[in-house]
1. Answer yes if at least one residue in region A:190-199 is at pLDDT below 95, more than 30 Å from residue B:62 (Cβ to Cβ) and within 14 Å of another protein chain (Cβ to nearest Cβ), and no otherwise.
2. Just the residues that are farther than 19 Å from residue B:36 by Cβ and more than 12 Å from the chain's Cα centre (by Cα), please, taken from region B:72-96.
3. Name the single residue that is nearest to residue A:183 (Cα to Cα) among those in region A:221-233 being crowded, with 19+ Cβ neighbours inside 10 Å and without any contact (Cβ under 8 Å) to a residue 40 or more places away in the chain.
4. Given B:128, B:141, B:134, which one is away from chain A (no Cβ under 13 Å) and in a loop (DSSP other than H, G, I, E, B)?
5. Being loosely packed, with under 13 Cβ neighbours inside 10 Å and under 21 Å from residue A:192 (Cα atoms) is the filter; apply it to region A:262-274 and report the residue that is farthest from the chain's Cα centre (by Cα).
6. Going by the structure shown, is residue B:34 at pLDDT 95 or above and small (Gly, Ala, Ser)?
Amino acid sequence: MTLPKSFSPIKMSHMCRCFVIVLFCLDGLIAEMGTTPNLKHIVIGRCYSYMTLVSPNSSYDCENIWREFEQAVVRKSPCNVKVKDYGPMFRAVPQTLPCDKLLFWSKTRELIHNYAGATRRFWTLEDTLMGYMFNDLIWCGQKEKDRGFDYNSCPEWSTCVNHPVYSLWRQASENFAAAACGNVTVLLNGSIDNAFHRKSMFGSVELDSLNPRMVDHVNIKVLANLEGPFVESCSQGSIADLINVLEKRGFHWTCTDSDLTLMIFQCIQNPQQFSCLTYAKSLQHRDL
Amino acid sequence: MNKPASRANDCQEIWSVFEQAFLGKNPCNVSTDAYVSLINTVTQDPVCNTMLFWSKTWHIVHEFTKKRNCFQTLEDTLLGYIMDGLTWCGKEGSNETFTTGCPLWNDCDNHAVKSFWYLASAAFAEDACGDVSAMLNGSIATPFTPSSVFASIEVNKFNPNKMKSLTVVLVTSEDDSTSCDDPSLKTLQAELHSELKYNCTLVTMSHIQECISDPDAACGPCW
């Protein structure tokens, strides 16, 4: 999930995954953003949408999920919503995932959702009911408890011990990773420093929740922007730290730079880019 | 309850013995010993010649045992079935059982949930009798991985007084070149008790999938 489009001049990704970057770039900005307008309609609507259109064999009590969510948030002060406060809500949203199709990502937001959406071979957290309902949204309670959501402003990350948005994503990420089995794929951004960061949601919660009994193999894919910069790769930079952790825990792993399928996806978004012209040429020649 | 042998068990009793293992304790300070009473409380006779161990094949092995009745993994026994997929922990100074806010799997060694599985695996291996099978992953570099539960806990609990043989079922996909000659399997053979007979058979993933999708076929030809 990310902040709404008004923040995108700063090229960043998942709000919760990028604690460190958020602190640097958004200091002061989040305080001006409050709870997303029409939050209730959006969350409940997405729940029905998921149940009816995305995953038609499922059945959830959307009103109940909303109630449990609201209770968790408004009954506490805005900086004091802990992971366990969301317990009843999570219990209302049990979901069995295709555990061998899970895709993790860190700082590669746009690409990942185009890729997962188009291939339908993978599931990201945002493809689960929980992720689908709350993606891109912001919420917090008012300073006086039990007064509902605060639509004027929500606390900054840096001042918040138990930020209501972070706590939800933390538990959702933990559940998601703990359910993973078989082959797991992780997509990291080769155009930045610290593509793998122990402080990101992937580097802390998700990595530590992967169960070596259930997961056999971790496929790391490092992808840089087509035009660069080319900062990190499988053999250069923070990825080595990730590989270290995986090895210590007994996971088998592979690491690929420049996965062809992913590069083609990048070209779809930017077909005029120099490296994409070769693909364009070969496609044109097919008519002959 | 779907397995007749388990009817002698009292679910309420199992729950209270289970809770005793971790209630009021630091969830990173729960050793395997804490679950000994639980293992002793659940009564279920092992069905010889049907026990199936696994390593790095979680998904396929459980698809198989869920759809076909010929083999049983730990997770198909009463105790394994109850705990499969669950997270739990206690907290010092509290007599509540928590299912959120627990340490993550990799956070600590004497982890409340990990310790349960380590002890249950050891017990399952100790009870292994007759002809035993183990489904290993032929698509990874070392199908017999030293750090796995199978290698580090289960194999050395096999009892030649109860168990006759171990058949490794090595599951591969079409482009794998692994075979029963894999060096890690030689290590397994060396670690296995000398009185136990060792076999190995290579099976493709698609063959297992066929066996899974045909409930009426006999299990024998699956491997």
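1. Yes, region A:190-199 contains at least one residue that is at pLDDT below 95, more than 30 Å from residue B:62 (Cβ to Cβ) and within 14 Å of another protein chain (Cβ to nearest Cβ).
2. If we filter region B:72-96 for residues that are farther than 19 Å from residue B:36 by Cβ, which is where we start, we get B:72-73, B:75-76, B:81, B:84-87, B:91-96.
Within region B:72-96, B:85, B:86, B:87, B:91, B:92, B:93, B:94, B:95, B:96 qualify.
3. Once the filter is applied, the top-ranked residue is A:222.
4. Working: B:141 fails: away from chain A (no Cβ under 13 Å); B:134 fails: in a loop (DSSP other than H, G, I, E, B).
Answer to the selection: B:128.
5. Only one residue fits best here, namely A:274.
6. On the way: at pLDDT 95 or above: yes; small (Gly, Ala, Ser): yes.
The answer is yes for residue B:34.
Yes/no per residue for (1) assigned to a loop (DSSP other than H, G, I, E, B); (2) surrounded by fewer than 19 Cβ atoms within 10 Å (Cβ to Cβ):
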site	(1), (2)
A:85	no, no
A:88	no, yes
A:105	no, no
A:121	yes, yes
A:154	yes, no
A:180	yes, no
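Here's the yes/no breakdown for (1) free of Cβ contacts under 8 Å to residues at least 40 places away in the same chain; (2) surrounded by fewer than 19 Cβ atoms within 10 Å (Cβ to Cβ); (3) at positive phi:
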site	(1), (2), (3)
A:149	no, no, no
A:158	no, yes, no
A:171	no, no, no
A:196	no, no, no
A:219	yes, yes, no
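The values are calculated or read from the model by the stated rules, or taken from the named source; none is laboratory data. Quick caveat: nothing in here was measured; it's all calculated off a predicted structure. Neighbour counts are summed over all protein chains in view; Cβ atoms, including those assigned to glycine, are modelled from backbone coordinates with ideal geometry.
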